[in-house]
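Notes follow the structure.
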Amino acid sequence: MIDPKLFRNNLNEVAANLARRGFALDKEKIENLEADRKSVQVKTEELQNQTKTLSKQIGELKAKGEDAQPVFDKVAELKKQREEAEHQLKEIQEQLTEIHLTTPNVIDESVPDGNDENDNVEIRKWGTPREFDFPVRDHIELGEMENGLDFSASAKLTGSRFVVMRNRMARLHRALIQFMLDVHGQEHGYQEVYVPYMVNRDSLLGTGQLPKFEEDLFAIKGSTQDNRPLYLIPTAEVPVTNLVRDEILEEKSLPLKFVAHTPCFRSEAGSYGKDVKGLIRQHQFEKVELVQIVEPENSMAALDELTGHAENILKLLGLPFRTVILCSGDITFGATKTYDLEVWLPGQQAYREISSCSNLGDFQARRMQARYRKDKKPTLVHTLNGSGLAVGRTLVALVENYQTAEGKIAIPEVLQPYLGGINEL
RNA sequence: GGUGAGAUGGCUGAGCGGUUGAAAGCGCACGCCUGGAAAGCGUGUAUACGUUAAUAGCGUAUCGAGGGUUCGAAUCCCUCUCUCACCGCCA
């Protein structure tokens, strides 16, 4: 969430910033609620103070064996008034909290204006798409060969947007995961973590998926005793970032850099016509995720670094890609700045998203109360995350870019150690 | 799944209805002492929110979470979560 103080002191600037996203902030409502909050809160606390003071007097009088009845009467008079004020305050605060939790983050000045993905700005490009001297197969065709991707099996087992992988596809997929974890863990300095694939509501509130995007999540009924469901994670960002929820970290422990491999589960509500075939958009997919917890002044540099780490995987695999900065209309809810990596897919003759790297600023940290001690004072950290990379899409890119005329897949050198040294599958 | 015991500040641990945001010890910070250090002595040491120019004062809330009883709750009642121990089952 945005600093609530900004709503009080800089409402117009916040509204103008959010308007760049196409988000209309209800300024009048906020102003009214804030004005009410202020007067009611002051009144409530004043009444609480009086009650507390009088109650203490009763204690003193009783200890001395004196008559406390007059004070009793006084406090009884206050009670109704106090409870009314408390109730009123609670309602106002609930409304404000609702606004705070559903308002997106403010965006960085360097984010370009725009309405949708068409207005994203390419900032660099790496590699050259390969020229093929034979008819190019897309990953679905390549998957059908050697029974690698079996969508009818997964449809039988579960439904659409799932996959069964076999043989070379399953092996390549697994090798990619190991490779990515090793590069980030051994070369980029991330601590490898293994985390739960189900999380509670507090975690999802912390990273911002809730309360606004419940329809994108899979909830597991009956998964806790008090009837609140757990949720399947839509990304490792949720469990990994929440590692620092409600923590006060030591300054010298920062930056924290985590890498985790997890499956991700997304309902893909509202994407009915999109990418219906193939591996691009699945309800369940694997991802290697990078998360950094940093001091505020370092977060923009950390974003560049983290993006570079994700890019490095593509470079090591020899997959052509471009890096775009998301425009104000395309950037996600909690991000203040985001770079997308788009990999070249010969089967589609297009660059497609394979990683999204974001600086969330203090947006998640404030929701999570994730802080560090800066000159003895608890200060909100900044959080970042990025895919390093989406494994399913990397598999698509790999097989399409490295296919041979015979429908074999050449194995990039860096991946060979993970496949017993072979150079073709 | 069963039975029992718990959950208090950075840690250990007291308190079980009244000036308790919370004893004591440890740790940590600063000061005194010292040639320097240790020991000793002294002082201080949670977080959020509000008010405010203020990380100064002052106020409110917080003793696993939520609800309740009460003039007043860390202390009593209810629900839930988690932890530990033993038994059962199990990858």
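Numbers at a glance
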quantity	calculated
Mean Cβ neighbour count within 10 Å, used as a protection proxy, ranking A:175-182, A:246-253 highest first	A:175-182, A:246-253
Relative contact order (percent, whole number), the range A:117-419, Cα cutoff 8 Å, 6+ residue spacing	24
Hz values of 3J(HN,Hα) by residue in the range A:396-401 - Karplus curve (6.51, -1.76, 1.60), Gly and Pro given as x	4, 4, 4, 5, 6, 6
Cross-link partners of residue A:52 among lysines (Cα-Cα below 22 Å; sequence separation of 8 or more within a chain)	A:38, A:43, A:62, A:64, A:74, A:79, A:80, A:90
Reachable lysines, given that their alpha-carbon falls under 24 Å from the alpha-carbon of residue A:257 and they are not under 8 places away in the same chain	A:287, A:315, A:337, A:374, A:376, A:377
Charge dipole magnitude, Cβ of K and R +1, D and E -1 - chain A, Cα centre, debye nearest 20	880
Extension gain (nm, one decimal) between residue A:277 and residue A:187, 0.36 nm per residue minus Cα-Cα	28.9 nm
FRET efficiency estimate (nearest 0.05) - Cβ-Cβ, residue A:174 to residue A:247, R0 30 angstrom	0.35
Residue A:52 versus residue A:408: modelled label distance in nm, points set 7 Å from Cα along the beta carbon direction	7.8
Point-to-point label distance, residue A:6-residue A:167, nm (Cα→Cβ direction, 7 Å offset)	5.4
For the range A:139-157 versus the range A:321-339, the gap between their alpha-carbon centres in whole angstrom	33
Estimated FRET transfer efficiency when R0 is 25 angstrom, pair residue A:194-residue A:316 (beta carbons, to 0.05)	0.60
Relative packing of peptides A:287-300, A:190-203 - highest average C-beta neighbours within 10 Å first	A:287-300, A:190-203
For the range A:389-425 versus the range A:170-248, the gap between their alpha-carbon centres in whole angstrom	27
Counting DSSP beta bridges with both ends in the range A:117-419, the antiparallel % (nearest 5)	95
Förster-model FRET efficiency, 60 Å R0, residue A:349 and residue A:375, C-beta, rounded to 0.05	0.65
Packing-based order for A:333-346, A:138-151, using average beta carbon neighbours within 10 Å, highest first	A:333-346, A:138-151
Computed over the range A:1-88: relative contact order in percent, which uses C-alpha pairs under 8 Å that are six or more apart	25
Rg(Cα) / (2.2 N^0.38 Å) computed for the range A:26-102, rounded to two decimals	1.49
Calculated [θ] (222 nm, deg cm²/dmol) that DSSP helices of n ≥ 4 give over chain A, each run adding -39,500 (n - 2.57)	-12500 deg cm²/dmol
Theoretical gain in end-to-end length, residue A:121 to residue A:83 [0.36 nm per residue, Cα-Cα removed]	8.2 nm
Nonlocal amide H pairs with residue A:336, under 5 Å, H built at 1.01 Å	A:359, A:360, A:361
Farthest toward positive dipole pole in chain A [+1 Lys/Arg, -1 Asp/Glu at C-beta], among A:219, A:16, A:421	A:219
Solvent exposure of chain A as accessible area per residue, Å², 1.4 Å probe	49
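The values are calculated or read from the model by the stated rules, or taken from the named source; none is laboratory data. As the structure is a computational prediction, the values presented were derived from the model and not from experiment. When we count neighbours, we look across all protein chains shown, and the Cβ atoms used for this are built from the backbone with ideal geometry, even at glycine. Surface areas here come from the heavy atoms of the whole protein model, side chains and all, with no ligands, DNA or RNA. Shrake-Rupley method; radii C 1.70, N 1.55, O 1.52, S 1.80 Å.
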